[in-house]
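Below: one structure, written as structure tokens.
The values are calculated or read from the model by the stated rules, or taken from the named source; none is laboratory data. On a predicted model such as this, the values are computed, not experimentally measured, just so you know. Here the Cβ positions follow ideal geometry from the backbone for every residue, glycine too, while neighbour counts run over all protein chains shown. What goes into the accessible areas is simple: the full protein's heavy atoms, side chains included, and nothing from ligands, DNA or RNA. Shrake-Rupley method; radii C 1.70, N 1.55, O 1.52, S 1.80 Å.
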Amino acid sequence: MNHKRIKILYTIPNFNTAGSGKSVYDLVMGLDRTIFEPEVCCFHNKGAFYKEVEALGVKIHIFPFTTDYKPRMTFLARVLKISNFFKSNKFDIIHSWHWSSDISEPLAAKLSGIPYVYTKKAMGWESKFWKWRSYLSSKIIAVNQDMVTAYFSMMMNKVVQFPLAIDVQRYQPVAPSVSLKNELNIADGDFVIITVANLVRVKGVETLIEAIINLKNPKIKLLIVGDDSGDYPRELKQRYSAMDHIQFIGKQLDVRPYIGISKLFVIPTKDEGRREGIPNAPLEAMSMERIVLGSNISGIRDILNVFPDYMFQADNVLELEQKINWVMGLSEIEKREVGKQMRQRVINVFSIEDFICRHQMLYREMVN
């Protein structure tokens with residue numbers, strides 16, 4: 001072990017949403033500070049989650065840790081500027097949570113002689129730069145098994161698989177909020193279904209909406225929680241605005257009260273585009289003892305593989321209808337038992353304690 005603390009820089013473009021920011025937050029908060037000294041770097045200090053990270057009291061750098069490839073004539077000079085930033089701050093490890101296939105950051109780390117690891121969070125691999133980024137890295141963290149098999153079979157010496165995780169103490173079963181139910185016009189006998197996602201097409205929210213419409217059950221109420229800015233969400237809200245049993249809640253920093261009034265969580269992501277790495281939202285719902293239904297795709301499979309009956313074919317509205325009806329038909333005792341089993345699954349496999357422990361072991365290996 002080094003005589004000094006291991007200084008780790010976490011790079012992330014922004015904290016506009018809690019997604020990856022939560023993982024960075026959990027790592028910064030949970031690392032053993034007698035061994036590790038975490039710092040954070042992002043492009044700007046805006047974003048709904050930035051204040052949460054700032055409250056941790058660690059040093060936050062506002063610095064452009066990536067650069068455009070063009071103009072090519074000045075690319076290396078700009079990379080050297082990033083490299084000098086890394087060296088001047090004497091970081092021992094760079095851990096990137098950047099979502100893109102950018103190679104300027106790992107190249108800068110390579111030129112500075114600092115070990116570099118990135119977390120691969122989504123299933124995109126179309127750009128040739130993903131391979132270059134991987135070759136420039138000291139280590140790669142893949143969050144699900146399909147990534148390891150599909151993308152990293154030729155570099156198994158570099159890759160480790162760590163699923164993303166949540167704090168099961170924060171996400172505990174709670175009684176439904178009466179005031180929130182009243183605010184949303186939800187009656188005691190209603191069956192509330194929730195999904196939490198930024199409203200982009202790949203999230204498959206239309207599949208869920210169509211399934212709810214087809215069921216024609218006035219007791220079913222659907223809450224759609226997540227960033228609803230932009231053209232596509234506007235189109236969705238206009239199309240379904242007349243349906244008062246479907247509510248667009250918008251982005252919420254704390255989703256627990258909304259999960260708390262729900263009976264069922266659905267994640268209907270399509271099997272295309274970036275798909276899923278390990279989505280946080282269903283883990284949060286499971287940890288709160290809510291039943292989860294999910295499309296049978298990468299990432300969601302890692303979560304629900306021990307609950308195969310709770311998965312459906314992506315984009316299959318009819319199968320999702322059938323699954324919702326089946327869950328609604330379970331007895332209250334059966335629903336409670338499934339909820340408890342799902343929470344235990346999160347505790348066993350996706351707990352924040354294991355997540356932090358695995359990262360700490362990896363960091364120590366990288367500097368020794």
Tabulate in residue order the Karplus-calculated ³J(HN,Hα) for the stretch 350-355, using 6.51 cos²θ - 1.76 cosθ + 1.60 with θ = phi - 60°, rounded to whole Hz; enter x for Gly and Pro. 10, 7, 5, 4, 5, 4
Probe of 1.4 angstrom, ligands and nucleic acids ignored: what's the accessible area per residue over the chain, in square angstrom? 45
Aspartates and glutamates within cross-link reach of K216: Cα-Cα under 15 Å, excluding same-chain residues under 8 positions apart? D190, D244, E321
Cα-centre dipole for the chain with unit charges at Cβ (Lys and Arg positive, Asp and Glu negative), debye to 20: 1340
Along the charge dipole of the stretch 239-368, which of F355, N368, G273 sits closest to the positive end, that is, farthest toward it, with unit charges on the beta carbon of Lys, Arg, Asp and Glu (+1, +1, -1, -1)? N368
For the cross-link pairs K22/K121; K51/K237; K181/K221, which exceed 18 Å when the distance is taken from alpha carbon to alpha carbon? K51/K237
Relative contact order for the chain using alpha-carbon pairs under 8 Å, separation at least 6, rounded to a whole percent? 15
Highest mean first, what order results for 217-229, 320-332, 170-182, 140-152 on Cβ atoms within 10 Å? 140-152, 217-229, 320-332, 170-182
How much length is gained if the chain between N214 and E334 is pulled fully straight, taking 0.36 nm per residue apart and subtracting their Cα-Cα distance, in nm to one decimal? 40.7 nm
So for R0 = 25 Å, FRET eff. of A187-D254 from the Cβ-Cβ r, to 0.05, ends up at 0.55
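Determine, for each peptide in 201-207, 9-15, the mean count of other beta carbons within 10 angstrom over its residues, then list the peptides with the highest first.
Ranked by mean Cβ neighbours within 10 Å, highest first: 9-15, 201-207.
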With x for Gly and Pro, the residue-by-residue ³J(HN,Hα) of the stretch 151-158, computed from phi through the Karplus equation 6.51 cos²θ - 1.76 cosθ + 1.60 at θ = phi - 60° and given in whole Hz, is 10, 10, 5, 8, 9, 5, 6, 9
Which whole-Hz couplings ³J(HN,Hα) result when phi for each residue of the stretch 98-112 is put into the Karplus expression 6.51 cos²θ - 1.76 cosθ + 1.60, θ = phi - 60°, listed in order with x for Gly and Pro? 5, 6, 8, 8, 3, 10, 5, 5, x, 5, 4, 5, 4, 5, 8
In nm, to one decimal, how far is the modelled label at Q341 from the one at F75, with both set 7 Å along Cα→Cβ? 5.2
Treating cross-link reach as a plain straight distance, find the aspartates and glutamates whose alpha-carbon is under 13 Å from the alpha-carbon of K131, omitting any fewer than eight places away in the same chain. D102
Within straight-line cross-link reach of K81, lysines at Cα separation under 18 Å, skipping those fewer than 8 residues along the same chain: K70, K90, K110
Once you charge only the Cβ atoms, +1 for Lys and Arg and -1 for Asp and Glu, what is the size of the charge dipole of the stretch 224-368 about its Cα centre, to the nearest 20 debye? 220
Compute the length gained on full extension between N84 and S179: take 0.36 nm times their separation in residues and subtract their Cα-Cα distance, giving the result in nm to one decimal. 28.8 nm
Per the helix-only calculation at 222 nm, which mean residue ellipticity applies to the chain, given -39500 (n - 2.57) for every DSSP H run of n ≥ 4 and division by its residues, nearest 500 deg cm²/dmol? -11500 deg cm²/dmol
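From the cross-link list K139/K203; K203/K251; K87/K158; K270/K323, which pairs have alpha carbons spaced over 19 Å apart?
K139/K203; K87/K158
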Candidate values (i) 38, 21, 20; (ii) 36, 22, 21; (iii) 43, 20, 18, label of the one derived for semi-axes √(5λ) of the Cα gyration tensor in Å: (i)
When the charge dipole of the stretch 286-355 is computed with +1 on Lys and Arg Cβ and -1 on Asp and Glu Cβ about the Cα centre, the Cα farthest towards its positive end, among F307, V327, S287, belongs to S287
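How would you order 291-301, 348-358, 38-48 from highest to lowest mean count of nearby Cβ atoms within 10 Å?
Details: 291-301: 23.1, 348-358: 16.4, 38-48: 18.1.
Put in order of decreasing packing, that is 291-301, 38-48, 348-358.
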With the cut-off at 1.5 for a/c, could you classify the stretch 168-263 from its C-alpha gyration tensor as rounded, prolate or oblate? oblate
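Could you compute the FRET efficiency for R358 and R5, with r as their C-beta to C-beta distance and R0 at 22 Å, rounded to 0.05?
For R0 = 22 Å, the calculated efficiency reads 0.70.
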In terms of modelled amide H atoms, which long-range or inter-chain residues lie less than 5 Å from the amide H of I291? F265
Among P106, A175, W125 - extreme Cα towards positive end, dipole of the stretch 69-207, charges at beta-carbon: P106
Whole-percent carbon and sulfur share, accessible surface of the chain, 1.4 Å: 51
